[in-house]
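The values are calculated or read from the model by the stated rules, or taken from the named source; none is laboratory data. From a predicted model like this one, the values you see are computed outputs, not experimental measurements. Heads up, the Cβs are rebuilt from the backbone with ideal geometry, glycines too, and the neighbour counts pull from every protein chain shown. Accessible surface areas use protein heavy atoms only, side chains included; no ligands, DNA or RNA. Shrake-Rupley method; radii C 1.70, N 1.55, O 1.52, S 1.80 Å.
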Amino acid sequence: MVEIDDEEVGKTDVVRALGGKYNAEILSVTQEPRSAKELNEEFDVPIATGYRRIEELTDVGLIGFEESIL
């Protein structure tokens with residue numbers, strides 16, 4: 001589980017991130033590691049939008065990266 005640093009991230013930031021289209025859906029399935037591509041395909045999200053939503057959730061500490069494979 002990712003810990004939120006209260007000093008860096010305010011509650012408003014977290015609420016704003018959860019309010020974004022697709023963000024709650026993405027968050028709901030991230031108990032197990034998934035790639036951005038898998039998330040985009042599961043929710044039929046355009047790739048650029050998917051990456052922005054993942055970045056929003058990462059920025060507020062709601063999800064994190066496990067590993068990056070190129």
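A few comments on the model shown:
- When the residues of the range 5-39 are filtered to those that are in a helix (DSSP H, G or I), of a type in the set (D, E, K, R) and farther than 14 Å from G61 by Cα, the one that is most open to solvent (accessible area, probe 1.4 Å) is K37.
- Residue selected from the range 40-66 under the condition among the acidic types (D, E) and under 13 Å from the mean Cα position of the chain (by Cα), by the criterion most open to solvent (accessible area, probe 1.4 Å): E66
- Search result, residues across the range 31-59 that are touching a Leu at 6+ places or on another chain (Cβ under 8 Å) and either free of Cβ contacts under 8 Å to residues at least 24 places away in the same chain or not hydrophobic (A, V, I, L, M, F, W, C) (or both): V45, G50
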